[in-house]
Structures are given as structure tokens and as C-alpha cells.
Amino acid sequence: MRFLIDIGHPAHVHYFRLLAQHFIKKNDDVLFVTRDKEVTIDLLKHYKFNYINIGKNFKSTFGKLFGLFWFTLKLGFIAFKYKPDVYLNATFYCSFIGRIFGKPVIGIEDTFNKEGYLLSRHFWSTVITGDYPHPSLGKKEISVAAYQELLYLHPKYFTPDKTVLNELGISENEKYVIIRFVSWQASHDIGHKGISLKNKIRAVREIEKFAKVFISSEVELPSELDSYKIKIAPNRMHDALAFASLIIGESFTMLSEAAVLGTPAILVHNTKCYYIEEQKEKYELAFIFTESETDQIIVVDKAVELLRMENIKTEWEIKRQKMLHEKIDFTAFLIWFVENYPESLRIIKKNPAYQYEFK
């Protein structure tokens, strides 16, 4: 079989990595199509996947509208030549082209931003979401007890490597904090400003009194913060997240990654993130603050409070184990679902509890 996987974000490489490796071992053919965003291509090269880069995302509003046409056209030419049997992901380009060629389009969705799913939902064959409270995506949706980050960070598949501490220059018991800044250039980021430069600098200055600070950023850092830039390979970031004392940031994905790894996470964002809401309310693994000036100041106080706590990582590991106990092995489920589609869809629609066979 031939699988086309469309990558819209670096995390998507991780989402589909284990599934792709499974099918490649079976001598099936897997092609990734990607836009040149941040470290996406570095990750595809690291895992030695076959991929085609169709260009950089456009930044302006007009550019994004043009991109809908341009990237769809490019993906259409690739699909015409490659002739995939199954399309994977939830981007508009992928779902539209898959439907045009009459092939199954299996998407996964967790952001529920209107710019994305309102376009894609008409063309999906099936879309898989988490079972936390969220807007309904209609009859094509199936919900499972999982987060997308568990596709690659479930303990069955990921064991953090402590040698990352040497790369970071961190001693065994030394505390460190990772702060994540995003570019705010995605279509769903319009109207957001994130943490102000003044508060970024203030946060670093206050937090470094209690822990070493590293910054991961989608954009070039100002001179005042450049020396804090984390300098490890992209594929090592999850190791760094696992051993960190705390993560603070504007990125849904990285904050959820930290939470499922048992690292306290503080999100600063005005948009409701349904899966991090559950990580906060149900499992107490995360904290959520708005982008307001008041909350940006409170975030620093909360960070200091957490860094002063004794045995916080032990406490968070207990919370993490509760979460893992209630979630399924999403990777095993997804491989089964794709491999047996559409019979798998019939089975899970008839008996949603069948998902718990994948624990």
C-alpha cells in the first residue's frame, strides 16, 4: 500500500513517525509532504523518511489565502504521480485532494480552530479526536481516550535519555526551566501577541534565581535573551522536557508534551485548548494563564512557587501515572485503525469500548 502523510507542523512528524516506521517495515510505501516550518525538515531527515518539501508557509493574510490554492495544487500534482491508497492528517490540502481522488482520508484533530477544521471536515473520511470535552466534528468523528502527544511519548515507545543533561551542561540534581515562545504567524494566531518582551525578560531574570533557564523559540530572540537559547538537536527536545523542573510557554504542543512526561507546565494563551484544559482540571498536570498583563506577572510568581516545592517531580509522576492508566496506547490503536480501515471504523462505531483493547 501507499500512504501519503501531510505535515503542517513539526509535531506531526512525531504523530505519524511510529505508524510510518511500522508500514515501512512491512514494505509498504510512505511519503511525507511538508511545508518548510521550523525544524520539520530536520526531523524528517533525522528519521530518514521519504519526503517532498512544497515550500514555506505564507505569513500575510493574503498569502495564507493564496497558500490554500497554491499548496493544494502542489499536493494534487504529487498525489497524481504518487497514487496513494490512504491519506493521513487533518490539513485542508490533504483532505481535499484525497477526496478528489476518491481515497480514504484519515485525520487526527485536537485544536478545533475554525480556520482548520471548518475547511477540512467536508472532505475527511474519518477524523480521530481525544475524548475530552470539545466541539463536535460531526458524524465522521470518533473519540478515543488519548492525547496526540501520547502517539510518541507513551512510555511504551519513549524512554528519556539522561545524556541530554550533559549536552545542556546540567548536573544530576540541578534544576532547569524551558521557556517556549512561538512566532504567532499561524492562521489561528491572528489577534494574539503573547508574552511581551518586557515580561519575557522579567520572567527570565526572576526564574534564573532558582533554576537555569533555556529558551526554545520559533523566531529569532532579541539580544537580551539570545544567550539563553537552547542548543540541542530537535530530536533531543523531548529528553530535555522530561528532565526539566518546569516548562512555561505559548505553545500548546510543547506544554502538553511536558505534561504527559510528568513535568509541570504553565501555558500562556488566550485561546481555549481543550486537551490542556483536561490536563489541568482532571490530572492537575498543567496551569493556564491568559496573555493579559496581569496574568503575565502572575505566571512568574507561580513559576517561583513551583520551583520552591520539594519533590515536585515525584508528585507530578504520580499524577502522570493516573493519566496514563486512563488513556489507551494511541499508537497501537492508530496502526490497527489504519491497517484495517474501513472495517475498523465499523467496529469502533459499533463498540467504542473496543479501543481499550489497546492499553
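The values are calculated or read from the model by the stated rules, or taken from the named source; none is laboratory data. Keep in mind that this is a model prediction, so the values were computed, not measured. Every residue, glycine as well, gets a Cβ built from its backbone with ideal geometry; the counts of neighbours run over all protein chains shown. We work out accessible area using only protein heavy atoms, side chains counted, and drop any ligands, DNA or RNA first. Shrake-Rupley method; radii C 1.70, N 1.55, O 1.52, S 1.80 Å.
Some points to look at:
- q = 0.18 Å⁻¹: log10 I(q)/I(0) that the Debye formula gives for the range 156-294, counting C-alpha atoms only: -1.08
- For the peptides 203-214, 9-20, 298-309, the ranking by packing is 9-20, 203-214, 298-309, with the highest mean count of neighbouring Cβ atoms within 10 Å listed first.
- This model, with +1 at the C-beta of Lys and Arg and -1 at the C-beta of Asp and Glu, gives the chain a dipole about its Cα centre of some 1040 debye.
- Computed on the range 1-84, with alpha-carbon pairs under 8 angstrom and 6+ residues apart, the relative contact order is 30 percent.
- Of 84, 222, 160, the residue with the greatest mean-square motion in the GNM of the chain, using alpha carbon springs below 10 Å, is 222.
- Computed over the Cα atoms of the range 252-351, the ratio of the radius of gyration to the Kirkwood radius (Rg/Rh) comes to 1.11.
- Normalised by the number of residues in the chain, the average gap of Cα pairs under 8 Å and 6 or more apart makes the relative contact order 14 percent.
- Furthest towards positive pole of dipole, 304, 252, 240, structure part the range 236-308, Cβ charges: 240
- 1, 237, reordered so the largest accessible area comes first (probe 1.4 Å): 1, 237
- Accessible area per residue for the chain, computed on protein heavy atoms with a 1.4 Å probe, is 45 Å².
- Under the Debye formula (equal points on every Cα, no solvent term), log10 I(q)/I(0) of the range 83-180 at q = 0.21 Å⁻¹: -1.01
- Helix-only mean residue ellipticity at 222 nm for the chain, each DSSP H run of n ≥ 4 adding -39500 (n - 2.57), per residue, nearest 500: -12500 deg cm²/dmol
- Annotation: aspartates and glutamates with alpha-carbon distance below 16 angstrom to residue 81 (same-chain offsets under eight excluded): 6, 29.
- Proximal aspartates and glutamates to residue 322, defined as alpha-carbon separation beneath 12 angstrom and excluding residues fewer than eight positions away on the same chain: 284
- Choice from 198, 74, 103 showing the highest fluctuation, given a GNM over the chain with Cα pairs closer than 10 Å: 198
- For residue 26, solvent-accessible area (1.4 Å; no DNA, RNA or ligand), Å²: 100
- Residue-normalised convex hull volume from the C-alpha trace of the chain: 132 Å³ per residue.
- Taking 223, 95, 344 as the candidate residues, the one with maximal mean-square fluctuation in a Gaussian network model of the chain, Cα springs under 10 Å, is 223.
- Listed pairs 327/349; 175/282; 162/229; 26/83 exceeding 23 Å between Cα atoms: 175/282
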